[in-house]
Amino acid sequence: MASAGDPTAAGPLAGVTVVALEQAVSAPLCTRVLGDLGARVIKVENPEGGDSARHIDDVVGGLAAHFVWANRGKQSIALDLKSEAGMAILHRLLDRADVLVSNLAPGTTAKLGLAPDDLATRHPDLIAAEIDGYGPGGPLSHKRAYDLLVQAESGVCAITGHPGAPAKPGPPIADASTGLYTALSIMALLYARERRGGRGGAVAVSMFDTMTELMGYPLTYTRHAGGWQQPLGMSSPAVAPYGAYRTADGHTVVLGTTNDREWQRLAGELLERPDLAADDRLRTNSGRVHHRDLLDAEIGAWCARHDLTDVQRRADEAGIGNSRYNTPDDVLHHPHLAARGRWRHIDTPAGPVPALLPPPVIAGYDPPMGAVPALGEHTGQVLAELGLPETESRADA
């Protein structure tokens with residue numbers, strides 16, 4: 001725990017107020033990250049149902065899993081932004097805010113008078129961050145964008161799964177990566193604002209641009225090789241040996257090498273096959289990739305004769321990267337998370353639920369792990385801070 005007087009105790013972003021016009025995952029995850037770092041996040045929701053992610057499912061005691069994951073620690077206010085009164089309240093909030101984050105449908109912020117030029121005129125100190133699907137100026141700019149749609153459009157699904165059986169990576173990586181890039185950009189602009197004496201700024205991050213950035217290796221390879229590497233399920237087309245193998249006790253172990261020295265250790269020390277270590281065909285990674293079937297057959301046969309714990313112990317002793325293939329249920333009970341105290345409880349309208357701490361471990365600072373808000377839960381409180389009477393608060397809630 002941080003001691004009293006420790007400047008990091010309140011969080012690196014203490015004193016920063018973020019207003020969020022957000023839905024689904026990308027912007028909510030962005031603002032949750034800012035909140036984890038100490039910012040105050042005021043989530044503006046439509047009184048008629050709020051964030052669409054609230055209603056994806058009801059598995060968390062009647063609440064949606066996506067919403068619980070991405071919205072802890074925020075204050076929810078319900079405003080009708082189609083009304084003059086709602087927009088007037090929003091601008092009063094922005095007068096006091098440091099950051100506005102949005103990921104509304106294409107063209108919505110412009111229709112609301114919240115385009116970057118509008119905000120620079122009316123709220124010159126505000127940092128405006130807008131997430132969209134495809135970025136302006138292109139033939140896809142008008143399209144709605146969801147995680148799967150962008151992963152398919154950017155080529156991600158073509159390099160996932162198996163040849164002839166493309167797949168979407170399980171986590172919503174287009175949403176999540178875009179949210180993280182946006183949070184990083186906001187922090188850079190906050191720093192720049194401090195240096196240049198209070199002027200705000202604007203950043204736009206598109207999901208398509210984010211995913212084509214993450215496709216950097218396969219796009220580079222395809223451009224120069226004249227074709228793309230076919231997906232290999234739980235393996236990598238770039239490196240061999242690198243894959244999943246069944247063990248004698250019915251588990252699956254994942255073994256990987258990233259250089260020639262590791263291959264020599266895997267062949268000579270783990271498999272105890274000096275003939276493979278000396279095989280000139282397997283001397284370089286390019287050769288091993290070409291003879292992947294041979295390697296997988298040899299390693300698979302060896303793993304099939306040993307239990308998982310034996311394989312992992314021997315791999316650790318040989319300095320070979322290894323892991324166990326786990327299901328989500330396995331990860332919920334993972335001993336590494338338990339030993340490091342990574343689980344906490346957060347409050348929700350359905351009662352306390354477990355949640356993982358955010359990945360950054362900052363010396364002297366415990367993330368707040370605040371409650372997941374009910375729709376409009378903080379409307380009265382926030383409007384009262386603006387000097388508005390409770391009657392007006394109820395009218396707009």
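The values are calculated or read from the model by the stated rules, or taken from the named source; none is laboratory data. Quick caveat: nothing in here was measured; it's all calculated off a predicted structure. Don't worry about glycine lacking a Cβ; one is built from the backbone with ideal geometry, like all the others, and counts go over all protein chains shown.
Quick check on my filter: what residues within the stretch 61-76 are in a strand (DSSP E or B) and closer than 14 Å to Gly376 by Cβ?
Gln75, Ser76
Looking at Val59 and the list (1) under 22 Å from Leu386 (Cβ atoms); (2) without any contact (Cβ under 8 Å) to a residue 24 or more places away in the chain, which single condition is not satisfied?
Val59 satisfies all of (1) under 22 Å from Leu386 (Cβ atoms); (2) without any contact (Cβ under 8 Å) to a residue 24 or more places away in the chain except (1).
Within the stretch 142-154, restricting attention to residues that are of a type outside the set (S, T, N, Q) and touching a residue at least 40 places away in the same chain (Cβ under 8 Å), which residue is surrounded by the fewest Cβ atoms within 10 Å (Cβ to Cβ)?
The extreme case among them is Tyr146.
Within the stretch 333-343, is even one residue more than 23 Å from Ala371 (Cα to Cα) and in contact with a helix residue (DSSP H, G or I) (Cβ under 8 Å, 6 or more places away or on another chain)?
No, the stretch 333-343 contains no residue that is more than 23 Å from Ala371 (Cα to Cα) and in contact with a helix residue (DSSP H, G or I) (Cβ under 8 Å, 6 or more places away or on another chain).
Output the number of the condition that Leu34 fails; it satisfies all remaining conditions of (1) without any contact (Cβ under 8 Å) to a residue 40 or more places away in the chain; (2) aliphatic (A, V, I, L, M); (3) within 23 Å of Gly179 (Cα to Cα); (4) not in a loop (DSSP other than H, G, I, E, B).
For Leu34, the failing item is (1).
Being surrounded by fewer than 19 Cβ atoms within 10 Å (Cβ to Cβ), over 17 Å from Thr210 (Cα atoms) and in contact with a helix residue (DSSP H, G or I) (Cβ under 9 Å, 6 or more places away or on another chain) is the filter here, so list the residues in the stretch 124-141 that pass it.
Result: Asp125, single match.
How many residues does the stretch 43-56 hold that are buried (at least 20 other Cβ atoms within 10 Å of the Cβ) and among the aliphatic types (A, V, I, L, M)?
2
Has the stretch 347-370 got at least one residue that is over 20 Å from Val68 (Cα atoms) and surrounded by 12 or more Cβ atoms within 10 Å (Cβ to Cβ)?
Among the residues of the stretch 347-370, at least one is over 20 Å from Val68 (Cα atoms) and surrounded by 12 or more Cβ atoms within 10 Å (Cβ to Cβ), which makes the answer yes.
Any residue in the stretch 332-345 that is of a type outside the set (Lys, Arg), at positive phi and over 22 Å from the mean Cα position of the chain (by Cα)?
no
Give the stretch 76-91 a look and list any residue that's surrounded by fewer than 20 Cβ atoms within 10 Å (Cβ to Cβ) and either within 21 Å of Leu37 (Cα to Cα) or not assigned by TED's automatic domain parsing to the domain that holds Asp36 (or both), or say none.
Correct list: empty.
Specify which of the listed residues (Glu269, Glu262) is under 21 Å from Arg324 (Cβ atoms) and over 34 Å from the mean Cα position of the chain (by Cα).
From the options Glu269, Glu262, the qualifying one is Glu269.
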